[in-house]
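Working notes for the structure below.
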Amino acid sequence: NTRMTPDGVLQKFGVPPALIIDYLTLVGDSVDNIPGVAKCGPKTATKWLTEYGSLDGVIAHADEIKGKVGDNLRASLEQLPLSRQLVTIRLDVALEQGPLDLCPRAPDTAALRELYAWIESDRLQATLASETPGAVQTGVENVDADGGYQAVLTWRDFDAWMERLQAAELFAFDTETTSLDYMQAELVGVSFAETPGQAAYVPLAHDYPGVPEQLDRRRVLDRLRPLLEDPGRPKLGQNLKYDMSVLANYGIELRGIAFDTMLESYVTDSTATRHDMDSLAKKYLGRNTIKYEDVAGKGAKQLRFDQVPLEQAVPYAAEDADITLRLHRELWPAVEREPALERLFREIEMPLVPVLSRMERTGVRIDSAMLVRQSQQLAQRMHELEQQAYTQAGGRFNLGSPKQIGSILFDQLGLPVKARTPTGAPSTAEAVLQELADEFELPRLILQHRGLSKLKSTYTDRLPEQVNPRTGRVHTSYHQAVAATGRLSSSDPNLQNIPVRSEEGRRIRQAFVPQPGCKILAADYSQIELRIMAHLSGDTGLIDAFAAGRDIHRATASEVFGVPEKQVSTDQRRSAKAINFGLIYGMSAFGLARQLGIDRQAAQEYVDLYFQRYPGVSAFMERIREDARAQGYVTTVFGRRLYLQEIGSRNAQRRAAAERTAINAPMQGTASDIIKIAMLRVDSWLQSARPDVRMIMQVHDELVFEVPRADVDAVGEEIRKHMQSAAELRVPLVVDVGVGDNWEMAH
């Protein structure tokens, strides 16, 4: 806390203020990268400046200064003017503001909210929200939400809202139901919003003691039908596919769905962990929304929504519509700023919503009796494996207990420890057991038992329980906003993870059967990701092989092993296949060595030979890594962005994993986009020309149909045509079509 005077400067530095620039020029500053004169410290600089009067004087008498430091001075003469410029504070810079213009002003809450959302600081967002009570920031205006939510209990109020919705350019719509299962859900009420801060909830089927009289559900739906089915009336929602499916149960086909905030968020950043309304409201609006548990309770005592009193139901349901509208105003400008993302949203993701809804409601017919028999067979085989495992272990143990397995494998049998858990215990994870199973019998038996147990509990036992009693079919839910690459996923049941490499897994597909008079038709893109690699890399060798219709794995084996294609052995083709698919997933030579059961040097030689034969692939991979590092994301052919949070990580393992993702994501993402486009084209044809043909499943690169027995050939060719024309690549898309009396036979 000392005020420095000229004498103070002289006392501290040995030179007056007027020579400080000269002093700093000679001494230099390694932190600011100012070189100065080597070996010239404060004492030497002070001595020279005192003796010669200034830096210019020191330079003029440089020849007189003796010793090593004199040599250093003379060697630095050319750079001293630059050093002096670097240490000099500029006093002539034009400033846009004066000191009084820099006083604190009222905070820009919109900018702060955007910043806090961008850095994902929940604490700062909550603080900002608490500092603006009674108001919610939309990014455009503050809207007082208090008193803006209305319960519609009279036809007069309903008519007033109908007039508002019919006059609105866009309105948010939401349903409240009794179940998350769209096939079982009963409609409890509907909500609307067309102005931020103002929303209505129309209760239709709340049922509890003392509930107020509500409008008749059938009459309300009849009044809403023209509005909801009008394709010229744009609607907005959050996960509208669910609402569309629920309305379909009441004979209403929701049309004119223009925006879905879940998909807007997903298209903006598919790598974000959550795209549900509550998470988006917190992230983009800084608002903690009313949760379902807040109004319905938790656990076994949780109420269905029709049992929730209107005092709690109205603000909860109306807020859903209001927040959806506010989120759209935040998210859509971000999508609209990027033409590629806007096209992705308008031309792929949004049009796919009704296609998925239709496919979900169609469902899949299964042979429950066959699955019951398979469950019995799996139980018998699991029992046999248990007995063999007991023999290997020398006694009974729980094959489902990692602790007991670890004790037997590592303490009792002394097997080598391949990895450890965070607590330091030997790991019994699947990857560890896979490695041990190459040498030891007991880990192999445990893995087999695990695989069969999963098949039994997830599919053969569970699928018959999931048959809808009304349709006699299983109805999965397809999710657009889960996988970062754009792939669809499914749940309840998950139809996309049924194992196909094991005989037991393939047998489960035999239980997926068509209705009488029909066949199952499966249409599958052949090696689509390798074809996309050829397209993206532009490698002439790959392009020529695909263009000629050659077996790409045999062609690769011929190139890598230097033998004619006709002489490629089965093992060589298997190795080439592992290389082809391994490289597009960023597999290292170490990983390839493990997969092929060869030493690492041999695997590296395979990789090196591959890149010599296909140099375009190597160049593409390096280009993708550089692009990812430069911009933080990679893109698909159709403009989908896949952000890579760890691409600049200092942790080598995380960075390497991000680089592997950067290589694979454009191919897997493009394949995902292509299958979605194919679904749109095929569905359009089915709706107009063949409503008797039903698309019943999508599994990664495959579409599955139920087709009248007499028409399978003609329908198969038409489906093949639409799928193969879904994208224009440098190599042809090829679709394999199979037909059978069940899903397995169609392969």
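Worth pointing out:
- Scanning region 6-36 for residues that are closer than 17 Å to residue 53 by Cβ and touching a strand residue (DSSP E or B) at 6+ places or on another chain (Cβ under 9 Å) yields 24, 25.
- Residue within region 386-393 that is in contact with a Ser or Thr (Cβ under 8 Å, 6 or more places away or on another chain) and either modelled with pLDDT of 95 or more or within 26 Å of residue 431 (Cβ to Cβ) (or both) present: no
- Those residues of region 499-515 which are charged (D, E, K, R) and in contact with a helix residue (DSSP H, G or I) (Cβ under 7 Å, 6 or more places away or on another chain), in sequence order: 504, 507
- Which numbered condition residue 63 misses (of (1) assigned to a helix (DSSP H, G or I); (2) of a type outside the set (Ser, Thr, Tyr); (3) open to solvent by less than 90 Å² (accessible area, probe 1.4 Å); (4) over 22 Å from residue 16 (Cα atoms)): (3)
- Taking strands (runs of 3 or more DSSP E) as the structural unit, those lying wholly within region 643-747 and holding at least 3 residues that are open to solvent by less than 10 Å² (accessible area, probe 1.4 Å) and touching a residue at least 60 places away in the same chain (Cβ under 8 Å) correspond to 694-699, 702-708.
- Meets criteria (open to solvent by 50 Å² or more (accessible area, probe 1.4 Å) and more than 21 Å from residue 572 (Cα to Cα)) for residue 605: no
- Some residue of region 239-248 being farther than 26 Å from residue 308 by Cα and outside any helix (DSSP H, G or I): no
- Screening residue 57 on (1) surrounded by fewer than 16 Cβ atoms within 10 Å (Cβ to Cβ); (2) not in a helix (DSSP H, G or I) shows it passes everything except condition (2).
- Within region 417-429, considering residues that are in contact with a helix residue (DSSP H, G or I) (Cβ under 8 Å, 6 or more places away or on another chain) and more than 11 Å from residue 402 (Cβ to Cβ), the one least open to solvent (accessible area, probe 1.4 Å): 419
- Members of region 94-105 that are open to solvent by 90 Å² or more (accessible area, probe 1.4 Å) and either closer than 22 Å to residue 34 by Cα or part of a loop (DSSP other than H, G, I, E, B) (or both): 94, 95, 96, 97, 104, 105
Yes or no, residue by residue, for (1) β-branched (Val, Ile, Thr); (2) open to solvent by less than 40 Å² (accessible area, probe 1.4 Å); (3) under 30 Å from residue 708 (Cβ atoms); (4) in contact with a Phe, Trp or Tyr (Cβ under 6 Å, 6 or more places away or on another chain):
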site	(1), (2), (3), (4)
472	no, yes, yes, no
488	no, yes, yes, yes
496	no, yes, yes, no
535	no, yes, no, no
546	no, yes, no, no
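- Scanning region 357-372 for residues that are open to solvent by 20 Å² or more (accessible area, probe 1.4 Å) and either charged (D, E, K, R) or over 11 Å from residue 474 (Cα atoms) (or both) turns up 358, 361, 365, 367, 369, 370, 372.
- Out of 554, 531, one residue alone is under 30 Å from residue 656 (Cβ atoms) and surrounded by 15 or more Cβ atoms within 10 Å (Cβ to Cβ). It is 531.
- Residue 454 being assigned to a strand (DSSP E or B) and out of contact with any Leu (no Cβ under 8 Å at 6 or more places or on another chain): no
- For region 280-335, filtered to residues that are part of a loop (DSSP other than H, G, I, E, B) and of a type in the set (A, V, I, L, M), the residue that is least open to solvent (accessible area, probe 1.4 Å) is 308.
- Filtered by the rule that a residue be farther than 19 Å from residue 687 by Cα and touching a helix residue (DSSP H, G or I) at 6+ places or on another chain (Cβ under 7 Å), region 332-370 gives 332, 334, 335, 336, 341, 342, 344, 345, 366, 368.
- Of all residues making up region 386-412, the number that are in contact (Cβ under 8 Å) with a residue 60 or more places away in the chain and either touching a Lys or Arg at 6+ places or on another chain (Cβ under 8 Å) or of a type in the set (Asp, Glu) (or both): 1
The values are calculated or read from the model by the stated rules, or taken from the named source; none is laboratory data. Worth saying up front: this structure is predicted, and the values here are computed from it rather than measured. Glycine also receives a Cβ, built like all others from the backbone with ideal geometry; neighbour counts cover every protein chain displayed. Protein only, heavy atoms only, side chains kept; ligands, DNA and RNA dropped before computing areas. Shrake-Rupley method; radii C 1.70, N 1.55, O 1.52, S 1.80 Å.
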